Amino acid sequence: MNKNSKKKICLLVVLLLISRISFAGTEKKAFEIKKPGTEEIVDYEKYGEFKNAGEEDYRYIIKDWDGLSKATGEGIYPNNYSIFESSYYRSLIKERRLLGSRWDFTNDPDVLACYFKWATEDEEDEGVKQYYTALQLERGGYLKRAVKAYYAVIVHFPKAVGWTFYQTPWPVGLKSLEKLQFILRRHPELNMHLEGTDIEIQNPFDNSVANDIVIANPGKLVTGVQKEKKIELGKEKRKLGGKIASVVQYDNGFWQFRIKEKPTLLKVIAYEPAPVGTSPDEGTLSSWMTYDSNKNGKPDCPYESFVDKNKNNIQDEDEPTVGDFSLLKEMGCNVIRVYHHGFHPIDEAKKVLRDAYEKYGIHTIMGDFLGMYCVGSGAGWEEGTDYRDEQQKAKMLKSIKEMVEAYKDEPYVIMWMLGNENNYGSAIGHVGGVGNAGKYPEAFYSFVNDVAKTIHSIDKTRPVAICNGDVLFLDYFAKHCPDVDIFGLNSYRGSDGFGISVWRSIRKNLDKPAIITEYGCPAFHERETIKKAEQEQMEYHKGNWEDIVYNSYKGQGEGTAIGGVCFQWIDGWWKSGQPPRYSSIAQENLGQWPGPFPGGWGYEEFLGICGQGNGVNTPFLRVLRESYYYYKKAWNKD
């Protein structure tokens, strides 16, 4: 993923500026709720009537407004009045702490002000307003009350739509359901669960709401911990791939990845370390497989990095040289994701990747950009790759054949991966190195399938995957890519994971396995200390990985996930391209694009789970962040 890919991100349900999730059950409450309501779990049937639950025209009709308002308490619909009576609110008005746009009150550390700003907002859709009020309750430490508020969205506003920074639709009702599922799963101490609650959106895979059909059933929020289902995989009924690697589906619909018939949950790191001062934009980045700055015959990054334990930016006597491969093995990583293009000489690449496999147990997902950033297509940068152009397609197909022929006999390669969120090209009006896949999705996905068939004709021992941008155009993929074995998607949706809008959509529309081909979070934002930002990065990764496991064959979810690619190993100092420091010699701390991260912005150059210190001791120095230690614990469980 380079600097352009995230700028062009157009996540179907990107959560605009909202993801500073506090996991507040373990935190001190930020403020006091003066009027919490008379019912912790509201009995909605006492105050109104559910009409057509589970159908397109579902609605809840309130018959006792006053009774329901007393039951919900301040800030939860339809109680939009008692909050104005709060002494907190009056003091905030007096201190002028509520001035400004509501969007300035989403991730601000002043959680009290954020709560009252959103709870008293009168210029926003009621469903969106209720969602963000719930978010502030969650941030403030009121998990039970946040659950009540999120559930109110489902009861009253399941069809509510918000809009992202990129003017793409964001289904607030469905996101509220995903929030509830995550919180109740993460916090069994709340002693609550949902029964029969569901929201399904038909035709969700484009950027229009005109054709969406929302089918909602509020079900019930009830007391008691959700009991785990007994999962019976059954017999193997379908197999894709071959003797080196395969994906297997069982009778119950769950999928499992196998490496030489051994069930394996893919714990992947996107590994493309870039020494400080080098950049592909400036033509100064060389292959990490051959980069040997001290001229001792060993590639620096995989074999000669060290951990700067005391963060003094030098290698002390008690900080031995270990190498990235050793650190990855200790972390529990079993696969790295690389792309074969350009500056990786094949003979050296084979040597290094084979060593990673034989000595450290690390396999490889081998990818081809398939014309993204114009790589392999021969297209000009301004117009981007055109998947209708026969000459460009021939060049890309040649690149694919060269990759497969070069690596098909290597035992460490377990998957062929096509593209890198190419479908975002022109989808929201962007061009320049991206391409036109989003403008002509039928042509793009048809070509992807042709490529997959070509790969299968050369190599029948491994599965083929696409690297899509989230679930955008999932319907086109389903129609035009029957020969692609695995649906991969780059997805950045927030600390609570990916939710049923990803996993269930894939299961119901594709009946194929899925891998998150990129997920991650910056370890920096300007409103917090470095320590706090790194903690929040770890919480983000934890929420994402837990969601992957929950929806794998090991979990209780959809059984679709086969693993995930953590993005990325170390910070890339070249990625932001922000003037005046375009030379990649300083780490850029300006947010490049708004998204579902702590602080509401993506900081391209801080996405590593390892830092490079002050950059002076590059490419050897590694500062292991909390995310690394989380994975070391989580990935070594089995």
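The values are calculated or read from the model by the stated rules, or taken from the named source; none is laboratory data. On a predicted model such as this, the values are computed, not experimentally measured, just so you know. Counting neighbours? That spans all protein chains shown, and the Cβs are built from the backbone with ideal geometry, glycine included.
Suppose we filter 138, 121, 189, 200 for residues that are among the charged types (D, E, K, R) and part of a strand (DSSP E or B); which single one remains?
Only one candidate qualifies: 200.
Consider only pairs whose beta carbons are under 7 Å apart and that are at least six residues apart or on different chains; among these, list those whose first residue lies in the stretch 304-331 and is among the β-branched types (Val, Ile, Thr) and whose second residue is assigned to a loop (DSSP other than H, G, I, E, B).
Every condition considered, the pairs that remain are 307/319; 307/322; 314/617; 322/305.
Restricting to the stretch 92-112, and then to whatever is in contact with a helix residue (DSSP H, G or I) (Cβ under 6 Å, 6 or more places away or on another chain) and hydrophobic (A, V, I, L, M, F, W, C), can you tell me which residue is nearest to residue 131 (Cα to Cα)?
105
Residue-wise test of (1) at pLDDT 95 or above; (2) within 18 Å of residue 569 (Cα to Cα).
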residue: 235; (1), (2): yes, no
residue: 247; (1), (2): yes, no
residue: 268; (1), (2): yes, yes
residue: 279; (1), (2): no, yes
residue: 282; (1), (2): no, no
residue: 321; (1), (2): yes, yes
residue: 329; (1), (2): yes, yes
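Within the stretch 134-167, count every residue that is more than 23 Å from residue 110 (Cα to Cα), surrounded by fewer than 22 Cβ atoms within 10 Å (Cβ to Cβ) and out of contact with any strand residue (DSSP E or B) (no Cβ under 9 Å at 6 or more places or on another chain).
1
Looking at the stretch 93-118 only, could you name the residues that are assigned to a helix (DSSP H, G or I), of a type in the set (Val, Ile, Thr) and either surrounded by 16 or more Cβ atoms within 10 Å (Cβ to Cβ) or in contact with an Asp or Glu (Cβ under 6 Å, 6 or more places away or on another chain) (or both)?
Residue satisfying the conditions is 111 alone.
When the stretch 534-554 is examined, which residues are found to be in a loop (DSSP other than H, G, I, E, B) and crowded, with 20+ Cβ neighbours inside 10 Å?
551, 553
Considering only residues that are touching a Gly at 6+ places or on another chain (Cβ under 8 Å) and of a type in the set (D, E, K, R), look in the stretch 290-338 and name the one that is farthest from residue 617 (Cα to Cα).
Looking at residues that are touching a Gly at 6+ places or on another chain (Cβ under 8 Å) and of a type in the set (D, E, K, R), I get 337.
Quick one: in the stretch 30-55, which of the residues that are in contact with a strand residue (DSSP E or B) (Cβ under 6 Å, 6 or more places away or on another chain) and free of Cβ contacts under 8 Å to residues at least 40 places away in the same chain is surrounded by the most Cβ atoms within 10 Å (Cβ to Cβ)?
48
For the subset of the stretch 142-186 comprising residues that are part of a helix (DSSP H, G or I) and polar (S, T, N, Q), which member is nearest to residue 129 (Cα to Cα)?
Filtering first and then ranking leaves 176.
Check whether at least one residue in the stretch 309-319 is touching a strand residue (DSSP E or B) at 6+ places or on another chain (Cβ under 9 Å) and surrounded by 22 or more Cβ atoms within 10 Å (Cβ to Cβ), and report yes or no.
no
Please count how many residues of the stretch 356-386 are basic (Lys, Arg) and either touching a Gly at 6+ places or on another chain (Cβ under 6 Å) or closer than 19 Å to residue 339 by Cα (or both).
0
Okay, residues lined up against (1) hydroxyl-bearing (Ser, Thr, Tyr); (2) under 24 Å from the mean Cα position of the chain (by Cα):
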{"residue": "159", "(1), (2)": "no, yes"}
{"residue": "168", "(1), (2)": "yes, yes"}
{"residue": "176", "(1), (2)": "yes, yes"}
{"residue": "181", "(1), (2)": "no, yes"}
{"residue": "186", "(1), (2)": "no, yes"}
{"residue": "189", "(1), (2)": "no, no"}
{"residue": "200", "(1), (2)": "no, yes"}
{"residue": "204", "(1), (2)": "no, yes"}
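Give the stretch 239-252 a look and list any residue that's of a type in the set (D, E, K, R) and under 28 Å from the mean Cα position of the chain (by Cα), or say none.
239
For (1) surrounded by fewer than 24 Cβ atoms within 10 Å (Cβ to Cβ); (2) small (Gly, Ala, Ser); (3) modelled with pLDDT of 95 or more, each residue gets a yes or a no:
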position	(1), (2), (3)
445	no, no, yes
448	no, no, yes
461	yes, no, yes
464	no, no, yes
481	no, no, yes
488	no, yes, yes
491	no, yes, yes
498	no, no, yes
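Mind counting the residues in the stretch 73-92 that are assigned to a loop (DSSP other than H, G, I, E, B), modelled with pLDDT of 90 or more and surrounded by 19 or more Cβ atoms within 10 Å (Cβ to Cβ)?
6
Any chance the stretch 282-293 includes a residue that's assigned to a loop (DSSP other than H, G, I, E, B), of a type in the set (S, T, N, Q) and touching a strand residue (DSSP E or B) at 6+ places or on another chain (Cβ under 6 Å)?
no
Taking the stated definitions as given, is residue 274 within 19 Å of residue 625 (Cα to Cα), modelled with pLDDT of 95 or more and either more than 27 Å from the chain's Cα centre (by Cα) or of a type in the set (A, V, I, L, M) (or both)?
Working: within 19 Å of residue 625 (Cα to Cα): yes; modelled with pLDDT of 95 or more: no; either more than 27 Å from the chain's Cα centre (by Cα) or of a type in the set (A, V, I, L, M) (or both): yes.
So residue 274 does not fit the description; no.
Checking residue 494 against (1) closer than 27 Å to residue 608 by Cα; (2) in contact with a strand residue (DSSP E or B) (Cβ under 7 Å, 6 or more places away or on another chain), only one condition comes out false. Which one?
All conditions pass for residue 494, except number (2).
List, please: which pairs have Cβ atoms under 9 Å, are six or more places apart or on different chains, and start with a residue in the stretch 81-93 that is basic (Lys, Arg) and end with one that is exposed (fewer than 14 other Cβ atoms within 10 Å of the Cβ)?
Correct list of pairs: 90/84.
Which numbered condition trips up residue 403, out of (1) out of contact with any Lys or Arg (no Cβ under 9 Å at 6 or more places or on another chain); (2) under 16 Å from residue 465 (Cβ atoms); (3) buried (at least 24 other Cβ atoms within 10 Å of the Cβ)?
All conditions are met except number (3).
Just to be sure before I move on: is residue 373 assigned by TED's automatic domain parsing to the domain that holds residue 419, in a helix (DSSP H, G or I) and free of Cβ contacts under 8 Å to residues at least 60 places away in the same chain in the structure I sent?
Here the answer is no, as residue 373 does not meet what is asked.
Is it true that residue 620 is farther than 20 Å from residue 268 by Cα and touching an Asp or Glu at 6+ places or on another chain (Cβ under 7 Å)?
Here the answer is yes, as residue 620 does meet what is asked.
Search the stretch 519-548 for residues that are free of Cβ contacts under 8 Å to residues at least 12 places away in the same chain and pair each with any residue that is assigned to a loop (DSSP other than H, G, I, E, B) when their beta-carbon atoms are under 9 Å apart and the residues are at least 6 apart or on different chains.
Hits for this filter: 530/523; 530/524; 532/525.
Among what's in the stretch 56-72 and is in contact (Cβ under 8 Å) with a residue 12 or more places away in the chain and assigned to a loop (DSSP other than H, G, I, E, B), pick the residue that is surrounded by the most Cβ atoms within 10 Å (Cβ to Cβ).
By that ranking, first place goes to 58.
Determine which member of the set 607, 621 is over 28 Å from residue 135 (Cβ atoms) and crowded, with 24+ Cβ neighbours inside 10 Å.
621
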